[in-house]
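Data first, discussion second: the structure below is written as structure tokens.
The values are calculated or read from the model by the stated rules, or taken from the named source; none is laboratory data. Only a predicted model underlies this, so the values are computations on that prediction, with no experimental measurement involved. Positions of Cβ are backbone-derived with ideal geometry, glycine not excepted, and every protein chain shown enters the neighbour counts.
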Amino acid sequence: MPLPKKSVRESRAVKASIVLPPDTNNHHTMFGGKVMAYIDDIAAISAMRHCRQRVVTASTDSVDFLNPIREGDSICLESFVTWTHKTSMEVFVKVVAEDLLTGKRAICATSFLTFVALDPDNKPILVPGVIPETEEEQRLYDSAPERADARRLRRQQSRAIAELFESRKPWDR
């Protein structure tokens with residue numbers, strides 16, 4: 001029997017932080033890897049809020065860096081579940097930087113991730129469906145099956161590439 005669907009807003013999560021010198025590279029902009037860690041963290045929170053189960057990251061479809069995040073800026077991440085399949089959830093993350101002295105804001109990155117819900121035995125478990133309520137949520141929901149198909153194809157290609165290297169020893173080049 002299917003689980004009751006949940007609204008997107010029930011999974012929404014927001015995280016804000018100030019960008020300090022240890023968070024930055026030699027260009028005084030935030031390390032991409034640090035942004036990616038924040039993205040995975042906030043997306044996991046949204047996934048767990050949606051299914052109220054433990055989750056594991058299954059894939060990061062993309063992280064598109066659009067603008068730099070500078071030292072001294074605030075970084076604000078917003079995430080929510082956009083779509084679900086049987087045991088998986090697609091999560092969208094938007095990263096916004098704000099110059100705290102001028103108030104100027106810019107979307108600096110967007111990302112789609114997929115999480116799988118796990119039962120206590122670490123087996124995939126069914127997740128609730130999604131109810132999009134805003135135009136933005138509906139557009140992401142409607143375009144999600146296309147992203148899911150692209151994910152499946154990419155995963156098949158990744159497995160084929162991995163098989164090429166399975167039999168090779170690390171010192172074989």
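Values computed for the structure shown
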read-out: One residue from I107, I75, I69 being of a type in the set (V, I, T) and surrounded by fewer than 17 Cβ atoms within 10 Å (Cβ to Cβ); value: I107
read-out: Residue among R159, R155, R173 that is modelled with pLDDT under 95, among the charged types (D, E, K, R), in a loop (DSSP other than H, G, I, E, B) and more than 26 Å from N67 (Cβ to Cβ); value: R173
read-out: Among the residues listed as S11, S62, the single one being under 16 Å from the mean Cα position of the chain (by Cα) and exposed (fewer than 13 other Cβ atoms within 10 Å of the Cβ); value: S62
read-out: Qualifying positions in the range 5-43 - of a type in the set (A, V, I, L, M), in contact with a Leu (Cβ under 9 Å, 6 or more places away or on another chain) and in a helix (DSSP H, G or I); value: V8, V35, I39, I42, A43
read-out: Residues (part of a loop (DSSP other than H, G, I, E, B) and touching a residue at least 24 places away in the same chain (Cβ under 8 Å)) located in the range 44-57; value: Q53
read-out: Options D64, D73, D23; residue that is modelled with pLDDT under 95, touching a strand residue (DSSP E or B) at 6+ places or on another chain (Cβ under 6 Å) and farther than 24 Å from N122 by Cβ; value: D64
read-out: Any hit, the range 91-110, residues being outside any strand (DSSP E or B), out of contact with any Pro (no Cβ under 9 Å at 6 or more places or on another chain) and at positive phi; value: yes
read-out: All positions within the range 37-59 that are more than 20 Å from G129 (Cα to Cα) and surrounded by fewer than 16 Cβ atoms within 10 Å (Cβ to Cβ); value: A37, D41
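So that you can scan it fast, the table gives a plain yes or no per residue for (1) surrounded by 10 or more Cβ atoms within 10 Å (Cβ to Cβ); (2) in contact with a Lys or Arg (Cβ under 8 Å, 6 or more places away or on another chain):
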position	(1), (2)
V127	yes, yes
V130	yes, yes
Q138	yes, no
R154	yes, no
E166	no, no
